[in-house]
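Inspection log for the structure reproduced underneath, given as structure tokens.
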Amino acid sequence: KQEVTQIPAALSVPEGENLVLNCSFTDSAIYNLQWFRQDPGKGLTSLLLIQSSQREQTSGRLNASLDKSSGRSTLYIAASQPGDSATYLCAVKEGSNFGNEKLTFGTGTRLTIIP
Amino acid sequence: SQTIHQWPATLVQPVGSPLSLECTVEGTSNPNLYWYRQAAGRGLQLLFYSVGIGQISSEVPQNLSASRPQDRQFILSSKKLLLSDSGFYLCAWRPGRSFNEKLFFGSGTQLSVL
């Protein structure tokens, strides 16, 4: 059974700093991995999707990396801003079974950027 | 552009009452549709998904059901709510053509069963 872990559960950093969020998964046979952002009481916004054949994806100040063999992904946020404050979740799509639509989510890291 | 609408945003229901949450997607056709539940302190749990009209797959046995009466409409229902049904319910969609497509979520419904 796939398990996704995000540590730490909460993180506070001063504005302007670069930071890294971590995601680990137990079964390396994944199809892809997504990073999401969730604001309090809101839905999730997909930030980046990394296919299993890819090592990283970039969007603006965000960079996500994937190391399947070690079961890890990181989300790097450069020059953090107060607007980056949110909960960040990672989710893995397992295997290549066409009928398997399930994403396994971590419980997230709650990020607070201190002005 | 594609948009997803989910309503209501907040719902307070007594135990034993029925439930109907609705989700619609605009600007796309034949999307894959999903219902997730997010309980406090826990990860998101996939409840149902649909790859086409009338096609519903359930990931976990529960007190809930789902229906897809139209291509871009997905409904989550219950005949009798339980206390354990409380949570944050999220509808989502993605293009059906590939698994390597991002998942787009609605704004969620906070359901409190009292």
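The values are calculated or read from the model by the stated rules, or taken from the named source; none is laboratory data. Keep in mind that this is a model prediction, so the values were computed, not measured. Here Cβ is always computed from backbone atoms with ideal geometry, including for glycine, and neighbour counts include all displayed protein chains.
Miscellaneous remarks
- Strands (runs of 3 or more DSSP E) lying entirely in region A:45-115 (those with 3 or more residues that are of a type outside the set (S, T, N, Q) and in contact with a helix residue (DSSP H, G or I) (Cβ under 7 Å, 6 or more places away or on another chain)): none
- In region B:104-114, of all residues being under 13 Å from the mean Cα position of the chain (by Cα) and in a strand (DSSP E or B), the one that is nearest to the other protein chains (Cβ to nearest Cβ) corresponds to B:105.
- Hits in region A:1-31 - residues which are surrounded by 14 or more Cβ atoms within 10 Å (Cβ to Cβ) and hydrophobic (A, V, I, L, M, F, W, C): A:4, A:11, A:13, A:19, A:21, A:23, A:25, A:30
- Counted residues, region A:27-43 - those being touching a Lys or Arg at 6+ places or on another chain (Cβ under 8 Å) and at pLDDT 95 or above: 2
- Restricting B:66, B:92, B:40 to residues that are assigned to a loop (DSSP other than H, G, I, E, B) and of a type in the set (A, V, I, L, M) narrows the list to B:40.
- Within region B:53-68, residues that are within 16 Å of residue B:25 (Cα to Cα) and among the charged types (D, E, K, R) have Cβ atoms under 6 Å from residues that are modelled with pLDDT of 90 or more and surrounded by fewer than 15 Cβ atoms within 10 Å (Cβ to Cβ) in these pairs: B:68/B:53, counting only partners at least 6 apart in sequence or on another chain.
- Given (1) buried (at least 19 other Cβ atoms within 10 Å of the Cβ); (2) over 22 Å from residue B:34 (Cβ atoms); (3) of a type in the set (S, T, N, Q), index of the condition residue A:87 fails: (2)
- Residues of region B:72-103 satisfying the condition of being within 14 Å of chain A (Cβ to nearest Cβ), more than 12 Å from the chain's Cα centre (by Cα) and not small (Gly, Ala, Ser): B:94, B:95, B:97, B:99, B:100, B:101, B:102, B:103
- Options A:51, A:34: the member that is within 29 Å of residue B:55 (Cα to Cα), surrounded by fewer than 18 Cβ atoms within 10 Å (Cβ to Cβ) and not small (Gly, Ala, Ser): A:51
- Residues satisfying the stated conditions in region B:40-71, i.e. over 24 Å from residue B:99 (Cβ atoms), aliphatic (A, V, I, L, M) and either facing chain A (nearest Cβ under 9 Å) or crowded, with 17+ Cβ neighbours inside 10 Å (or both): B:64
- Just one of (1) more than 14 Å from every other protein chain (Cβ to nearest Cβ); (2) more than 13 Å from the chain's Cα centre (by Cα) fails for residue A:71. It is (2).
- Residue match in region A:14-36 (condition: away from chain B (no Cβ under 14 Å) and either touching a His at 6+ places or on another chain (Cβ under 7 Å) or within 30 Å of residue B:10 (Cα to Cα) (or both)): no
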